[in-house]
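K.L.:
One structure coming up, written as structure tokens, with questions to follow.
Every read-out reported here was derived from the displayed coordinates using simple, explicitly stated rules and does not represent laboratory data. Only a predicted model underlies this, so the values are computations on that prediction, with no experimental measurement involved. Note: ideal-geometry Cβ built from the backbone for every residue, glycine included; neighbour counts use all protein chains shown.
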Amino acid sequence: MHTMKALVKAEPREGLWLQDVPIPSPNRTDVLIKLKRTSICGTDVHIYAWDDWARQTIPIPMHIGHEFVGEVVEVGEDVHDFSPGDLVSGEGHLICGKCRNCLAGRRHLCRTTKGIGVDRPGAFAEYLCLPVTNVWYCDPEIPLEILSCFDPLGNAVHTALAFDILGEDVLITGAGPIGCMAAAVAKHAGARYIVVTDINPFRLQLAKKMGATLTVDVSRETVAAAQEKLGMKEGFDVAMEMSGSADAFTTIIENMCHGGKIALLGIMKKPSAIDWNSVVFNGLTIRGIYGREMFETWYKMTSFIQTGLDIRELITHTFHYSDYQKGFEVMLSGKSGKVILDWEN
Ligand code: NAD
Ligand code: ZN
């Protein structure tokens, strides 16, 4: 049997193990991709650390990872639109194709989405097999490191475009990789002021580089003071929650203008309460965001990059895949933006 290297969650404890696993073989409608770069997501760090969510979700053994770019090396007999040599990334959410939303073309709202690297083998490997309907043809002019971040960049773009931000004042809570990308996208898409909060100075500095007008360390300063500094009078028009912190969500509610719009991407660890009367009296709109639109978001992020959206500064580290341990350690330290693994060299 032909085997490949992969980063496997092989045991129910902290860590990942570089092991030999079988190379997947594509069926009639699949595409086999040889990976070039992958990037490490917060989800992968949860799986590495083996927290409660990971314990309840991840089957063992399984190789993980879902942010990738690679080259097509083989296609199933019913695949006509991709051929060996094509540079591709892809949507890691596999949909049922049968539910109401899937049938209506709203595939990002499928009721039974399955994730690569979460529910089935992932992209931290030499090869990845994906249904053709999930494969995205990449613009080869875009650097590989950036293409490998299209999944999280898609989260940022999908959230940032949930509401009209042209000329608006935007509050982003959480300067993780996705919050930083959202700041860059908001700037590119024509927001006026972009205020980004976090409690990690390293990340706030990254947010500043990525286009934040002002950053707020909420362990020392308030968002209200930031509004004053900018001469804002009525609160933020649009907010994006990208920290998963209940406190951050409260900060958003307190700093919105009347009629303000809030997009929630961050995943909270447990249920939390907010002041619903502020939502009612201030006429706020709250919208949950999951994943990316297939493939409208992919189209938009490609054209944003083609027209000058630059997220290179956010990529702080690149390691050979055999040095994955270092990659996970720097992610766990909080002193990183995106961390890339090289599967090609
Ligand atoms: P991350 O964990 O790297 O970043 C979160 C940031 O929030 C960290 O820098 C942290 O210091 C900061 N933070 C913590 N408490 C805060 C507070 N009170 N105020 C402001 N900032 C605070 O995460 P990421 O990879 O950038 O992803 C952002 C969020 O989006 C995470 O919650 C992640 O789970 C979630 N996510 C959701 C989807 C989806 O489809 N809905 C997809 C990917 C990620
Ligand atoms: Zn469906």
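K.L.:
Relative contact order of region 156-288, please, whole-number percent, based on alpha carbon pairs below 8 angstrom and at least 6 residues apart.
P.N.:
About 23 percent, as a whole number.
K.L.:
Output the antiparallel fraction of DSSP beta bridges having both residues in the chain, as a percent to the nearest 5.
P.N.:
55 percent
K.L.:
What residue among GLN56, GLY97, ALA182 has its Cα farthest toward the positive end of the dipole of the chain, where the charges are +1 on Lys, Arg and -1 on Asp, Glu, each on the Cβ?
P.N.:
GLN56
K.L.:
Using only the alpha-carbon atoms, what does region 104-153 span along each of its principal axes? Please give whole angstrom values in decreasing order.
P.N.:
Cα spread of region 104-153 along its principal axes, largest to smallest: 34, 26, 20 Å.
K.L.:
Among the listed pairs LYS261/LYS300; LYS98/LYS300; LYS9/LYS34; LYS187/LYS209, give every one whose C-alpha distance is greater than 18 Å.
P.N.:
Check vs 18 Å cut-off fails for LYS261/LYS300; LYS98/LYS300; LYS9/LYS34.
K.L.:
Could you state the angle between the C-alpha long axis of helix 177-188 and the longest principal axis of the C-alpha atoms of the chain, as a value from 0 to 90 degrees rounded to the nearest 10?
P.N.:
Around 70 degrees separate the two axes.
K.L.:
Based on Cβ point charges of +1 for Lys and Arg and -1 for Asp and Glu, what charge dipole magnitude is obtained for the chain about its Cα centre, in debye rounded to the nearest 20?
P.N.:
It works out to roughly 560 debye.
K.L.:
What is the mean projected area of the alpha carbon convex hull for region 260-345, to one decimal in square nanometres?
P.N.:
One quarter of the hull surface, i.e. the mean projection, equals 9.3 nm².
K.L.:
Based on DSSP, what percent of beta bridges with both residues in region 156-288 are antiparallel, to the nearest 5?
P.N.:
In region 156-288, approximately 0 percent of DSSP beta bridges are antiparallel ones.
K.L.:
Shifting gears a bit: Under a Cβ-only charge scheme (Lys and Arg +1, Asp and Glu -1), can you give me the dipole magnitude of region 151-241 about the Cα centre, in debye to the nearest 20?
P.N.:
Once rounded to the nearest 20, the dipole reads 360 debye.
K.L.:
Something else: For region 145-241, compute Rg over Rh where Rg is the Cα radius of gyration and Rh is the Kirkwood radius from the inverse mean 1/r over Cα pairs.
P.N.:
Numbers: Rg = 12.5 Å, Rh = 13.1 Å.
Here Rg/Rh amounts to 0.96.
K.L.:
Now, a different point. State the Cα centre-to-centre distance between region 16-73 and region 129-170 in whole Å.
P.N.:
Between the Cα centre of region 16-73 and that of region 129-170, the gap is 19 Å.
K.L.:
Report the trypsin sites (Lys or Arg not before Pro) located in region 1-79 that are in a DSSP loop and have at most 16 other Cβ atoms inside 10 Å of their Cβ, or state none. Please list the in-between numbers first.
P.N.:
Values: sites: LYS5, LYS9, ARG13, ARG28, LYS34, LYS36, ARG37, ARG55; in loops: ARG13, ARG28.
Hits after loop and neighbour filter: ARG13, ARG28.
K.L.:
Length gain on complete extension for the stretch CYS99 to ALA224, per 0.36 nm per residue less the alpha carbon to alpha carbon distance?
P.N.:
Fully extending the segment from CYS99 to ALA224 adds 40.6 nm.
K.L.:
Stretched out fully, how many nm does the piece from HIS258 to TYR137 gain, at 0.36 nm a residue minus the Cα gap?
P.N.:
39.4 nm
K.L.:
Continuing with the same structure: For a quick protection proxy, order the peptides 15-25, 85-95 by their average other-Cβ count within 10 Å, most packed first.
P.N.:
85-95, 15-25
K.L.:
Of the options LEU128, CYS138, THR112, report the single residue whose Cα projects farthest towards the positive end of the charge dipole of region 39-157 (beta-carbon charges: Lys, Arg +1; Asp, Glu -1).
P.N.:
The residue sitting farthest along the positive end of the dipole is THR112.
K.L.:
Given N residues in the chain, what is its alpha carbon radius of gyration divided by 2.2 N^0.38 Å?
P.N.:
So the Cα radius of gyration is 0.99 times the expected 2.2 N^0.38 Å.
K.L.:
Would you give the gap between the C-alpha center of region 195-233 and the C-alpha center of region 288-312, rounded to a whole Å?
P.N.:
For region 195-233 versus region 288-312, the Cα centre distance is 24 Å.
K.L.:
Restricting to Cα pairs below 8 Å that are 6+ residues apart, what does the relative contact order work out to for the chain? Please round to a whole percent.
P.N.:
Dividing the mean separation by the residue count of the chain yields 17 percent.
K.L.:
What distance in nm separates the two pseudo spin-label positions at ILE267 and ARG13, each 7 Å out from Cα along the beta-carbon direction?
P.N.:
Here the answer is 2.5 nm between the modelled labels.
K.L.:
With only alpha-carbon atoms in the gyration tensor, what are the semi-axes of the equivalent ellipsoid for region 189-345, in Å, largest first?
P.N.:
Values for region 189-345, descending: 30, 19, 17 Å.
K.L.:
Answer with one residue from SER243, THR173, LEU206: the one whose Cα lies farthest towards the positive end of the charge dipole of region 156-288, charges on Cβ with Lys, Arg +1 and Asp, Glu -1.
P.N.:
Of SER243, THR173, LEU206, it is LEU206.
K.L.:
Let me ask something else. Calculate the dipole size of region 40-140 relative to its Cα centre from +1 charges on Lys and Arg beta carbons and -1 charges on Asp and Glu beta carbons; express the result in debye to the nearest 20.
P.N.:
In total the dipole reaches around 740 debye.
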